[in-house]
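Once you've had a glance at the structure underneath, I'll fire off some questions.
The values are calculated or read from the model by the stated rules, or taken from the named source; none is laboratory data. As the structure is a computational prediction, the values presented were derived from the model and not from experiment. As a convention, Cβ positions derive from the backbone with ideal geometry for all residues, glycine included, and neighbour counts pool all protein chains shown. For accessibility, only protein heavy atoms count, side chains too; no ligands or nucleic acids. Shrake-Rupley method; radii C 1.70, N 1.55, O 1.52, S 1.80 Å.
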Amino acid sequence: MSRMYRVKIAGRWTEAPKWALDLPFEVRPMRGFTVAAWPHWRPTLELLAKATARAKRKLEWVRIHDHTGTRREPAHPFGWVVTETGEMFLCSYDKGTALHELAHLISGDSHGDAWARRCFELHRIWLRGAAIKAADLEVTRYLSGRREWKRRFGERPPKQPVPKSSWVTAGRRAAAAGR
Ligand SMILES: [Zn+2]
Ligand SMILES: [Zn+2]
């Protein structure tokens, strides 16, 4: 575990590692965020820093959640972004969710064709191997994503199961490993 620094972020005292304080945007952990949740977030937040710089976009702050140990799906979206102000909220720490939100920030589009196309492009820049297809498939939950899949691959995408938050899937993996 990295050394923690006690800092005041958005009016609230919190413990954060140096790598999080060095990011080009302010990271705002939710109330009750535990220090054990930081490592989950590191690869995704560092990716977001590199990807926003490359796209010449600016994020002011990113609010992040901690649902360690949850068995139930959190009752709110995996992510959200306000493109005008550069404010992002992430619940699920998988890279695909961050890239989904970044595609909104870059394209200025909601879930239309410009957004879907940008998602597929971002997956190919920032993800590797099987993670690319998995993230593409997530985007095919939207009509625009199905159109983009068909445009690229010439066939309809397979139907997707109901998405699970990374907190729930990690919890399941941990439970399976403990058996
Ligand atoms: Zn959440
Ligand atoms: Zn979206």
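Residue by residue, here is whether (1) out of contact with any Leu (no Cβ under 7 Å at 6 or more places or on another chain); (2) modelled with pLDDT under 95; (3) under 22 Å from Leu47 (Cβ atoms) holds:
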{"residue": "His111", "(1), (2), (3)": "yes, no, yes"}
{"residue": "Arg117", "(1), (2), (3)": "yes, no, yes"}
{"residue": "Gly145", "(1), (2), (3)": "yes, no, yes"}
{"residue": "Arg156", "(1), (2), (3)": "yes, no, no"}
{"residue": "Pro161", "(1), (2), (3)": "yes, yes, no"}
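In this structure, is Glu121 surrounded by fewer than 21 Cβ atoms within 10 Å (Cβ to Cβ), under 15 Å from Thr52 (Cα atoms), within 16 Å of ligand 1 (Cβ to nearest atom) and without any contact (Cβ under 8 Å) to a residue 60 or more places away in the chain?
No: the conditions fail for Glu121.
Does any residue of the stretch 3-19 turn out to be touching an Asp or Glu at 6+ places or on another chain (Cβ under 9 Å), more than 22 Å from Leu137 (Cα to Cα), among the small types (Gly, Ala, Ser) and open to solvent by less than 20 Å² (accessible area, probe 1.4 Å)?
no
Are there any pairs, at least 6 apart or on different chains, whose C-beta atoms fall under 8 Å, with the first in the stretch 128-156 and over 20 Å from Ala98 (Cα atoms) and free of Cβ contacts under 8 Å to residues at least 40 places away in the same chain and the second part of a loop (DSSP other than H, G, I, E, B) and open to solvent by less than 50 Å² (accessible area, probe 1.4 Å), and if so, which?
From the stretch 128-156, the pairs are Lys150/Pro157.
I've got another one for you. Filter the stretch 124-163 down to the residues that are outside any helix (DSSP H, G or I) and either within 16 Å of ligand 1 (Cβ to nearest atom) or surrounded by 12 or more Cβ atoms within 10 Å (Cβ to Cβ) (or both) and list them by number.
Listed by number, the residues that qualify are Leu127, Thr140, Arg141, Tyr142, Pro157, Gln160, Pro163.
Here is a list of conditions, (1) farther than 20 Å from Ala10 by Cα; (2) away from ligand 2 (no atom under 16 Å from the Cβ); (3) within 11 Å of the chain's Cα centre (by Cα), and Leu45 meets all of them except one; can you say which number that is?
For Leu45, the failing item is (1).
Evaluate the stretch 93-103: report whether one residue or more is within 12 Å of the chain's Cα centre (by Cα), assigned to a strand (DSSP E or B) and closer than 13 Å to Ser166 by Cα.
Taking every residue of the stretch 93-103 in turn, none turns out to be within 12 Å of the chain's Cα centre (by Cα), assigned to a strand (DSSP E or B) and closer than 13 Å to Ser166 by Cα.
Out of the stretch 29-44, which residues are without any contact (Cβ under 8 Å) to a residue 40 or more places away in the chain and open to solvent by less than 50 Å² (accessible area, probe 1.4 Å)?
Scanning the stretch 29-44 gives Pro29, Phe33, Ala37, Trp38.
When the residues of the stretch 52-70 are narrowed to those that are within 16 Å of ligand 2 (Cβ to nearest atom) and among the aliphatic types (A, V, I, L, M), which ends up surrounded by the fewest Cβ atoms within 10 Å (Cβ to Cβ)?
Ranking the qualifying residues of the stretch 52-70, first place goes to Leu59.
On the given criteria, is Thr83 touching a Pro at 6+ places or on another chain (Cβ under 6 Å) and either under 22 Å from Glu26 (Cβ atoms) or among the hydroxyl-bearing types (Ser, Thr, Tyr) (or both)?
Spelling it out, it is not the case that Thr83 is touching a Pro at 6+ places or on another chain (Cβ under 6 Å) and either under 22 Å from Glu26 (Cβ atoms) or among the hydroxyl-bearing types (Ser, Thr, Tyr) (or both).
Quick one: how many residues across the stretch 1-23 are in contact (Cβ under 8 Å) with a residue 24 or more places away in the chain, touching a strand residue (DSSP E or B) at 6+ places or on another chain (Cβ under 7 Å) and aliphatic (A, V, I, L, M)?
Of the residues in the stretch 1-23, 3 are in contact (Cβ under 8 Å) with a residue 24 or more places away in the chain, touching a strand residue (DSSP E or B) at 6+ places or on another chain (Cβ under 7 Å) and aliphatic (A, V, I, L, M).
So which residues in the stretch 71-118 are touching a residue at least 40 places away in the same chain (Cβ under 8 Å), open to solvent by 50 Å² or more (accessible area, probe 1.4 Å) and within 16 Å of ligand 1 (Cβ to nearest atom), if there are any at all?
Arg71, Arg72, Glu73, Phe78, Asp94
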